[in-house]
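One structure is given here, and the rest of the page talks about it.
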Amino acid sequence: MPAPDTSQHDTATCPACGQAFTRAGRRIWCSDACKQAAWRRRNPPPAAPQLPPSRHRRDHTVYECGECGQRQTGRQWCDDCSRPCQRIGPGGDCPACGEAVALTDLIPGT
């Protein structure tokens, strides 16, 4: 049985880039880069989940001025004294009276 003639190789066209190349064995891509690019086109990464817009913790935090005792929601500086306020904790404005109320004020024993 005669040995296969290795002096002639088939020429082929790369399906990824369209460039002609000399085929060696069963290779169908001209380079590993074209092979990888074709795989990435066939297998795109999964879409990232859409997260709801973030809410700032400061918007739902009650602060109290150490100078005058005024409480406010979401503002770290006292409007009257122009001094920094101390964080009391999470809370919000009271729907009945409109004053800032922390959750610790509503839960007994905390």
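The values are calculated or read from the model by the stated rules, or taken from the named source; none is laboratory data. Predicted model, so just to flag it, every value in this text is computed and none were measured. Every residue, glycine as well, gets a Cβ built from its backbone with ideal geometry; the counts of neighbours run over all protein chains shown.
Determine whether segment 30-40 contains at least one residue that is of a type outside the set (Lys, Arg), modelled with pLDDT under 90 and either surrounded by 10 or more Cβ atoms within 10 Å (Cβ to Cβ) or more than 30 Å from ARG75 (Cβ to Cβ) (or both).
No - not one qualifying residue is present in segment 30-40.
Can you tell me which residues in segment 17-30 are in contact with a Cys (Cβ under 8 Å, 6 or more places away or on another chain) and in a loop (DSSP other than H, G, I, E, B)?
CYS17, GLN19, ILE28, TRP29, CYS30
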